[in-house]
1. Please give the helices (runs of 4 or more DSSP H) falling wholly within segment 243-331 in which 3 or more residues are out of contact with any helix residue (DSSP H, G or I) (no Cβ under 6 Å at 6 or more places or on another chain), of a type in the set (D, E, K, R) and modelled with pLDDT of 95 or more.
2. Out of Ile75, Ile62, which single residue is at pLDDT 50 or above, surrounded by 13 or more Cβ atoms within 10 Å (Cβ to Cβ), over 21 Å from Ile264 (Cα atoms) and of a type in the set (A, V, I, L, M)?
3. With respect to the numbered conditions (1) farther than 19 Å from Arg211 by Cα; (2) surrounded by fewer than 21 Cβ atoms within 10 Å (Cβ to Cβ), which one is the sole condition not fulfilled by Gly128?
4. Take the conditions farther than 30 Å from Leu214 by Cβ, over 20 Å from the mean Cα position of the chain (by Cα), among the aliphatic types (A, V, I, L, M) and surrounded by fewer than 24 Cβ atoms within 10 Å (Cβ to Cβ) and apply them to Leu400. Does it pass?
5. Considering only residues that are surrounded by fewer than 23 Cβ atoms within 10 Å (Cβ to Cβ) and in contact (Cβ under 8 Å) with a residue 12 or more places away in the chain, which ones fall in segment 520-531?
6. For segment 594-617, name all the residues that are charged (D, E, K, R), touching a Ser or Thr at 6+ places or on another chain (Cβ under 7 Å) and part of a loop (DSSP other than H, G, I, E, B).
7. Listed residues Ser212, Ser197, Ser177, Ser139; which is closer than 29 Å to Arg550 by Cα, without any contact (Cβ under 8 Å) to a residue 60 or more places away in the chain and in the same structural domain as Asp37 (by TED's automatic domain parsing)?
8. Residues in segment 640-656 that are in a helix (DSSP H, G or I) and surrounded by 13 or more Cβ atoms within 10 Å (Cβ to Cβ): how many?
Amino acid sequence: MCGIALIICGIRFHLSSLFLNSTLPVLNSDQLAFDIDDLREALRRRGPDRLGSTKLLLHSPILNRLPVREIVSSIEGEVKEESGCEGDEGNCFSLENGRTPHLHTHFSTIPCSSAELHFLGATLQLRGVSPVVQPLIDSAKNILVYNGEIFGGIDIGSDENDGEVLLQLLGECCLGSIPGVLSRIKGPWAIIYWQESAKTLWFARDAFGRRSLLVHWPTEEDSRLLLSSVSPVSSNEHSSDIEAENGTTKLNFWEELRCGIYSISMDAPDVDGVLVGEVKKHDWTNPVLEELIKWERTYVEPKPEDLHISHSKSLTGKHDTHLVNSDIVPIKSGSIQVSISVPAQAVLIALRESVMRRSSLHTVFQAGRLDMRKEIVPVAVLFSGGLDSMIIAALLHQCLDPSYDIDLLNVSFDGRSAPDRISARAGVNELRRIAPSRKWKLVEINAELSTLTFETKHVMSLINPANTYMDLNIGIALWLAAGGDGWVYEENTNYNDEDCRCIKYKSKARILLVGSGADEQCAGYGRHRTKYRNGSWLSLNEEMKLDMQRIWKRNLGRDDRCIADHGKEARFPFLDEDVIRILLGFPLWEVTNLDQPSGIGDKKILREVAELLGLHEAASLPKRAIQFGSRIARESNRKNYGSNRAANQASAGSAVIHKRLDMA
């Protein structure tokens, strides 16, 4: 996980291909909507290991008052703020990672048109054997800031850093082949890349938006183009001031960058001597990825005999110890009893491989930690005790070295009475039953919304540009859970015992597995049942397709920013490309059956997966969103509306937050 940003000034942008305002003037104002130090701090929280920056200057010399039709560049001395770095900041770097220091080009011809691209990169390093500092710069003056993980499509050695490998591959590209490299990546990523040979800037976000990247497109008020993993607190306050003056509540400085690949090709000055940048969006070149983005299912409406066959399939051997013990759960379809549905077997295999890719310890940076003791917990699970998090936890047990503990992070705004706390305690008991050799740590994180004034304001900046009470409630719950600061009870505790002993504990895991994407793909939301009742299978399929195609905007950017703020990396096993492909390939009636009651027909295929893992109690649990399971929604309703009833009448969940009133 990293925090990346770019500030571009001094360029007139042509945006017509993006259906934005076609051409915008360049203003002389040097005022940003935030302080650069606030941006640095926000990025450093995401990437606590190292923070670096560099400035790229673009010039177009003028000879005899006639502009030369070329652009030349120079790189200012880099500034790196990292532990153990002493002395002159401007000289605090070496030739590691292909860096070339003090790359200056001197110009004897003045005046000249100029522009500035300021790259910033903060790193939470999870791969490689040597420390890496961003921005990465190669000998050809290509510049990369990268936030992501490569889990497939491009070969990464166990001792290699994927950012360095990607820089090398991109450096070998000609102008038109950059999208081809990016389309090959399997995994979550966001990228900003300067291609020196073509004088072109590339920026992109993976096809499902699993890593945050915000954009400020140039406007009449601020002609800069800005990219950032996160909104600094001060820019959120700036937006609040503007809204108060204008009587509006819309956050409009930042927006989520729509998933895709973009380029800005730089051209020589226009008639007024200003450099010109043409912004384009490029197509993905991977046909398999294109199919996943389209999310077109072949078999949607079943025939009566299809439903009969699907309904008659039953999972036998539910309490057979061969299936209960997760240490020996079979993963090859040939070794599973034939009465278990083939789709569930395939999904189990794909999910297990997905969790394996996301928990393999070669992805945990070891440099400087060679004495890493086994009691360090490398991977944790965002844990409600519900169906999705139970499946992830059971699979993580199969994939992770048995000598490591596993932290299960659970947040509650109603102590032991919150539904998610009750199900989490029941869930950890079930996990201990199927995996008694593993040390499971249920980290109980308790909070009271009334005492979180500062934290609420901070999370408001993280969810930006999202701005509803539902977003804020989810954001606070995720932010607290990711912090991992709670209480752990003694192993084998009877939670009903009032005298059971607990100790203060803070999870140090840098990787957090999250169940996002399961509900969208397997019809877990209440609105899916409503669509099915009102329009049957076709309406249900269209609603699920809509959910998958907007998950980048509604969920993943927000969730990534809230979790990463603690220097943790969120990984989403259900949103692995192979898992999406497997689920999409099955008939819809094999994935879900909403004729059956809640807890049985919804997410049917995942309930069968849970049975295969021996999670018989979890397999029948109903869907419960984190804002309701943790009871933060109830507390928010009481605080802002006086009661749940009043909040429901006001549709509080989707209501826009009037921040200046709430934060006063």
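The values are calculated or read from the model by the stated rules, or taken from the named source; none is laboratory data. If you're wondering where the values come from, they're calculated on a predicted model, not measured in any experiment. As a convention, Cβ positions derive from the backbone with ideal geometry for all residues, glycine included, and neighbour counts pool all protein chains shown.
1. Correct list: 287-294.
2. Values: Ile75 fails: over 21 Å from Ile264 (Cα atoms).
Of Ile75, Ile62, the one residue that is at pLDDT 50 or above, surrounded by 13 or more Cβ atoms within 10 Å (Cβ to Cβ), over 21 Å from Ile264 (Cα atoms) and of a type in the set (A, V, I, L, M) is Ile62.
3. Going through (1) farther than 19 Å from Arg211 by Cα; (2) surrounded by fewer than 21 Cβ atoms within 10 Å (Cβ to Cβ) one by one, Gly128 breaks only (2).
4. yes
5. Going through segment 520-531, the residues surrounded by fewer than 23 Cβ atoms within 10 Å (Cβ to Cβ) turn out to be 525-527, 529-531.
Those that are surrounded by fewer than 23 Cβ atoms within 10 Å (Cβ to Cβ) and in contact (Cβ under 8 Å) with a residue 12 or more places away in the chain: Tyr525, Gly526, Arg527, Arg529, Lys531.
6. Correct list: Asp602, Lys603.
7. Of Ser212, Ser197, Ser177, Ser139, the one residue that is closer than 29 Å to Arg550 by Cα, without any contact (Cβ under 8 Å) to a residue 60 or more places away in the chain and in the same structural domain as Asp37 (by TED's automatic domain parsing) is Ser177.
8. Of segment 640-656, the ones in a helix (DSSP H, G or I) are 640-641, 644-649, 652-654.
Among the residues that remain, those that are also surrounded by 13 or more Cβ atoms within 10 Å (Cβ to Cβ) are: 640-641, 644, 646-647, 652-653.
Total meeting the criteria: 7.
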